[in-house]
Amino acid sequence: MSDRASDVIIIGGGIIGASVALELQRRGASVRVLERGEPGREASWAGAGMLAAQDPDTPECLRPLARASAEIYPDWVSELEQESGLSADLRCEGTIYLTQEKKEGLGPPLSDADVKSREGFLSKAPFAYFTTEASVDPRALMAVAVAAAKKGGIVISHEHHVTAIETSGNQAVGVRLGNQTVSANVIINCAGAWTGEVVGGEIETHPVKGQMLSVVPVNSREVPLKHVVRGDDVYLVPRSDGRILIGATVERVGFDKKVDAETILKMHRAAMELAPKIGEMRIHESWAGLRPGSPDKLPILGETGLKNYFAATGHYRNGILLAPVTARIMADVINGDTPQFDISRFTPSRFS
Ligand code: GLY
């Protein structure tokens with residue numbers, strides 16, 4: 001039995017799948033997103049949403065994409081918010097880095113007085129820096145993206161688990177969905193940590209677990225923190241509704257989303273060391289998500305060895321930040337246009 005065809009099938013309804021779908025649909029394609037669970041309930045739900053385009057840990061070759069994505073973020077979000085009528089809680093207050101060691105690439109250090117004037121409740125640290133890095137609420141962003149996508153005519157199918165790529169010769173012609181084949185001219189694997197589980201035209205990804213918690217004020221809805229704060233052990237990401245997210249572990253333990261109480265308490269203690277006021281707040285939630293890792297920790301973008309089968313995955317710790325630029329790059333590649341960026345370091349074929 002064959003389901004109805006679309007121009008493009010996207011495997012995976014996280015922020016990357018949704019963003020690529022939106023961009024392709026804007027450029028005239030009919031797009032269907034097949035999500036094995038609920039859209040946006042994996043890494044995109046778990047992420048903190050820091051748009052850390054100046055992070056000194058970002059590999060050099062990824063920085064142009066990170067910077068470009070951060071630059072287009074406000075307009076990209078604003079358009080989607082208008083289309084959906086929802087808010088993604090984009091906060092452009094900037095980020096304070098508090099570190100024990102000098103960091104290169106973050107600009108001149110801030111004095112204690114500078115830190116105090118920006119953020120009243122932080123502990124002193126030997127080095128402090130300010131960047132203009134913004135943040136977004138990835139759960140809200142997903143709701144915005146899904147609503148905008150549906151409004152634009154993109155079909156997003158929940159509980160649709162693609163198990164394999166259907167081929168004819170060296171060409172992808174559709175996907176296997178249970179005992180059905182769904183055909184399409186173009187197939188894009190955006191399945192995050194699950195990318196490599198799709199049989200045929202294998203793409204190597206692995207899950208990298210991150211545990212997090214959030215705290216909320218006990219008595220008021222006042223946001224006690226304005227900026228994102230990044231310490232050596234944990235980061236703090238405030239939301240406009242008063243929550244502060246504290247993250248995150250980086251663990252290679254397979255597809256395991258268990259939350260470990262001791263680990264959460266350790267992060268809570270580290271957060272209190274950065275901002276003692278956190279101790280006056282109530283623990284609200286703890287959770288774990290699986291980031292999509294790749295063998296060299298870089299995204300995997302472009303056509304695979306199988307004609308018409310593309311990958312947009314492996315964004316590791318930067319999926320939320322890189323979503324808009326990934327969408328543009330993928331739409332260019334799929335339409336046969338030259339992307340604005342050199343993506344030779346990110347091609348799926350680099351591992352073969
Ligand atoms: N993007 C933040 C993290 O991976 O923890």
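Any read-out appearing in this document is the output of simple, stated calculations on the displayed coordinates, not a laboratory observation. These figures come from a predicted structure and were not determined experimentally. Ideal geometry is used to build each Cβ from the backbone, glycine not excepted, and the neighbour counts take in all protein chains shown.
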- Assertion target for Tyr73, Tyr97, ordered by fewest C-beta neighbours within 10 angstrom first, is Tyr73, Tyr97
- Message: Place a point 7 Å from Cα of Asn219 in the direction of its Cβ. Which residues in region 245-276 have their backbone N less than 18 Å from it?
- Response: 276
- Among bridges DSSP assigns within region 127-214, what percent are antiparallel (round to 5)? 90 percent
- Collect residues whose amide H, placed 1.01 Å from N in the peptide plane, falls under 5 Å from the amide H of Ile188; neighbours closer than 5 in sequence don't count. Ile9, Ile10, Ile11, Phe310
- Of Lys150/Lys209; Lys150/Lys307; Lys226/Lys266; Lys116/Lys277; Lys124/Lys209, which pairs sit farther than 25 Å apart, going by alpha carbon to alpha carbon? Lys150/Lys209; Lys150/Lys307; Lys124/Lys209
- Residue with peak Gaussian network fluctuation, the chain [Cα springs, cutoff 10 Å], from Leu90, Leu274, Leu110: Leu110
- Query: How many times 2.2 N^0.38 Å is the alpha carbon radius of gyration of the chain?
  - Reply: 1.00
- Starting with the fewest neighbours, write out His160, His315, His268 ranked by other beta-carbon atoms found within 10 Å of each beta-carbon. His268, His160, His315
- Item | Pairwise Cα inverse-distance average, inverted: Kirkwood Rh of region 110-201 (Å) | 17.9 Å
- Note down the nm distance, to one decimal, between modelled labels 7 Å out along Cα→Cβ at Asn170 and at Ser30. 3.0 nm
- Message: For the pair Glu285/Lys102, report the inter-label distance in nm, with labels modelled 7 Å from Cα in the Cβ direction.
- Response: 4.1 nm
- Work out, in µm²/s and without decimals, the Stokes-Einstein translational diffusion coefficient of region 72-123 at 4 °C, 1.567 mPa s, Rh from Kirkwood over C-alpha pairs. 93 µm²/s
- Item | Between 0 and 90°, nearest 10: helix 15-26 axis offset from the chain longest Cα axis | 60 degrees
- Note on the structure: In degrees, nearest 10, the alpha-carbon axis of helix 138-151 is tilted away from the dominant principal axis of the alpha carbons of the chain by 30 degrees
- Note on the structure: region 254-326 and region 1-68 have their Cα centres apart by a whole-number Å value of 15 Å
- Task: Sort Ile283, Ile16, Ile187 so that the residue with the fewest other Cβ atoms within 10 Å of its own Cβ comes first and the one with the most comes last.
- Result: Ile283, Ile187, Ile16
- Task: Return the single residue from Arg317, Arg63, Arg32 with maximal mean-square fluctuation; model: Gaussian network over the chain, springs between Cα atoms under 10 Å.
- Result: Arg63
- Query: Projected onto the charge dipole of the chain (+1 at Lys/Arg Cβ, -1 at Asp/Glu Cβ, origin at the Cα centre), which of Val20, Pro74, Asn179 gives the Cα projection farthest towards the positive end?
  - Reply: Asn179
- Once you put a point 7 Å from the Cα of Thr132 and another 7 Å from the Cα of Glu159, both along the Cβ direction, what distance in nm separates them? 4.7 nm
- Message: Which of Ala53, Ala21, Ala29 ends up with the largest GNM mean-square fluctuation for the chain, with Cα atoms connected below 10 Å?
- Response: Ala29
